[in-house]
Amino acid sequence: MDKVDCIVIGAGVVGLAVARKLAQSGRDVLVVETNPAIGMETSSRNSEVIHAGIYYPAGSLKARLCVAGRDALYAYCAERAVGHRRCGKLIVASSEPQNSMLAAVLAHAHANGCREVEALSAEEARRLEPALACTAALSSPMTGIIDSHAYMLALQADAEHAGALFAFDSRVTGGHAGADGVVLQVRAGDGAEIELEAAGVVNCAGLHAPDTARLIGGLDDGTVPTAYFAKGNYYSLAGKAPFSRLIYPVPEPGGLGVHLTLDLGGQARFGPDVEWLDPAGGPIDYAVDPGRADRFYREIRGYWPQLPDGALQPAYSGVRPKISGPGAAAADFLFASHRNPHYLGLYGIESPGLTASLAIADHVGGLLRPRS
């Protein structure tokens, strides 16, 4: 049996940030990843937005780690020359009844320390974005966009430079958490079965984190959360959008509504919507149904009435790793040991997980049992 100090399960953006943090703190780290490369699931299928920390309940982990992570991420991108732009965004009400919803969002933002967020009248918003239709808006100047793949490559390089090793095409198939550490069974891409004993295991498996925890005996199964999958579909815009900022409607249950984001090349895309999936339904179908475009046109025209017919084309989709289901209040990030000091599971790390990734890594560093 091979012995290692720390095993990080999953090489998405959060797993990479955690591996970097642990390796730079002097821990010997092995990252075990099912896929053949980094960031091939949720981390590569998102809006690539750097969130300001506006929406989340005051004092929640999402709120605190998003704001801390946002500041750390901007600094990291500048230091490591990772492509990004602090373009700002407008959150818009499309009817008078939605104005009170904006007021609630503004109160959340200020409670979370985002004092730079300010209310705008419809006229003030249109002076910033003349093509916009709204009854009121909020301005969030700290919101931005990022090249998420370049960011993940930088995290991987930092982790490897600090000594972390990566095992791709490697799947955790079982294990046991005991008093002295965690033993994992891992199946490599060539079919070889190996056992690894670690003083600490951090489960950053994203969509598969709850199922992975249930493969490990010795953990308190009753405290492992239930996984819920919320697919988000995106459409790209044919032609150039007349906006320089991101445009968001007021939030909706399960997500932030069909919003307009921009990539670093100026290409506009819209999404995500919310399509609940059965986590036990087999392989995820990431295809975007063209028939869902009707709803996109309807919602987008609430804030951009001049959206041309036929301008939307299916782009890509992603799946949010939720731990609260349809109709339930959004769950906070969850960090759980399940009564074993050598194990830490990260659950429900959906948006703003990318923005918060560096702060999440710092938080994990403070929770994981020190090397004896």
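The values are calculated or read from the model by the stated rules, or taken from the named source; none is laboratory data. Computed from a predicted structure; not experimentally measured. Every residue, glycine as well, gets a Cβ built from its backbone with ideal geometry; the counts of neighbours run over all protein chains shown.
Here are the numbers for this structure:
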{"read-out": "Selected residue (criterion: surrounded by the most Cβ atoms within 10 Å (Cβ to Cβ)) from residues of region 312-322 that are of a type in the set (A, V, I, L, M, F, W, C) and more than 17 Å from Leu354 (Cβ to Cβ)", "value": "Leu312"}
{"read-out": "Test: residue in region 323-338 that is of a type outside the set (Ser, Thr, Tyr), under 23 Å from Leu16 (Cα atoms) and loosely packed, with under 14 Cβ neighbours inside 10 Å", "value": "no"}
{"read-out": "Residue that is nearest to Asp28 (Cα to Cα), among those in region 185-207 that are in a strand (DSSP E or B) and of a type in the set (D, E, K, R)", "value": "Glu197"}
{"read-out": "Pair list, Cβ under 6 Å, 6 or more apart: region 108-122 residue at positive phi, other residue crowded, with 16+ Cβ neighbours inside 10 Å", "value": "Gly113/Val67"}
{"read-out": "Lone unmet requirement of (1) in contact with a Gly (Cβ under 9 Å, 6 or more places away or on another chain); (2) among the aliphatic types (A, V, I, L, M); (3) farther than 19 Å from Tyr343 by Cβ for Ala159", "value": "(1)"}
{"read-out": "Options Ala109, Ala119, Ala125; residue that is part of a strand (DSSP E or B), in contact with a strand residue (DSSP E or B) (Cβ under 9 Å, 6 or more places away or on another chain) and not assigned by TED's automatic domain parsing to the domain that holds Leu30", "value": "Ala119"}
{"read-out": "Index of the failed condition, Asp294 passing every other in (1) at pLDDT below 95; (2) part of a loop (DSSP other than H, G, I, E, B)", "value": "(2)"}
{"read-out": "Residues (surrounded by fewer than 24 Cβ atoms within 10 Å (Cβ to Cβ) and among the basic types (Lys, Arg)) located in region 49-66", "value": "Arg64"}
{"read-out": "Matching residues, region 167-201, being of a type in the set (D, E, K, R) and farther than 16 Å from His342 by Cα", "value": "Asp169, Arg171, Arg187, Asp190, Glu193, Glu195"}
{"read-out": "Neighbours by Cβ (under 7 Å, 6+ apart or cross-chain): first from region 207-225, assigned by TED's automatic domain parsing to the domain that holds Gly348; second of a type in the set (Asp, Glu) and not in a helix (DSSP H, G or I)", "value": "Leu207/Glu41"}
{"read-out": "Pairs where the first residue, in region 258-282, is under 13 Å from Ser236 (Cα atoms) and in the same structural domain as Tyr235 (by TED's automatic domain parsing) and the second is among the β-branched types (Val, Ile, Thr) and not in a strand (DSSP E or B), C-beta under 8 Å, 6+ apart", "value": "Val258/Ile300; Leu260/Ile300; Phe270/Val258; Phe270/Ile300; Gly271/Val258; Pro272/Val258"}
{"read-out": "Yes/no for Arg27 being of a type in the set (Lys, Arg), surrounded by fewer than 24 Cβ atoms within 10 Å (Cβ to Cβ), outside the structural domain of Ala213 (by TED's automatic domain parsing) and closer than 22 Å to Gly345 by Cα", "value": "no"}
{"read-out": "Residues (under 24 Å from the mean Cα position of the chain (by Cα), of a type in the set (A, V, I, L, M, F, W, C) and either modelled with pLDDT of 95 or more or surrounded by 13 or more Cβ atoms within 10 Å (Cβ to Cβ) (or both)) located in region 102-127", "value": "Leu102, Val105, Leu106, Ala109, Ala111, Cys114, Val117"}
{"read-out": "Any hit, region 251-261, residues being under 25 Å from His51 (Cα atoms) and modelled with pLDDT of 95 or more", "value": "yes"}
{"read-out": "Filtered residue count, region 67-89, keeping only those that are in contact with a Cys (Cβ under 8 Å, 6 or more places away or on another chain), crowded, with 17+ Cβ neighbours inside 10 Å and not β-branched (Val, Ile, Thr)", "value": "1"}
{"read-out": "From the options Asn46, Asn35, residue that is part of a loop (DSSP other than H, G, I, E, B) and surrounded by fewer than 17 Cβ atoms within 10 Å (Cβ to Cβ)", "value": "Asn35"}
{"read-out": "Tally, over region 128-165, of residues that are assigned to a helix (DSSP H, G or I) and either outside the structural domain of Gly15 (by TED's automatic domain parsing) or under 24 Å from the mean Cα position of the chain (by Cα) (or both)", "value": "14"}
{"read-out": "Residue that is under 30 Å from Ala177 (Cβ atoms), assigned to a loop (DSSP other than H, G, I, E, B) and not aliphatic (A, V, I, L, M), where the choices are Pro242, Pro210, Pro279, Pro308", "value": "Pro279"}
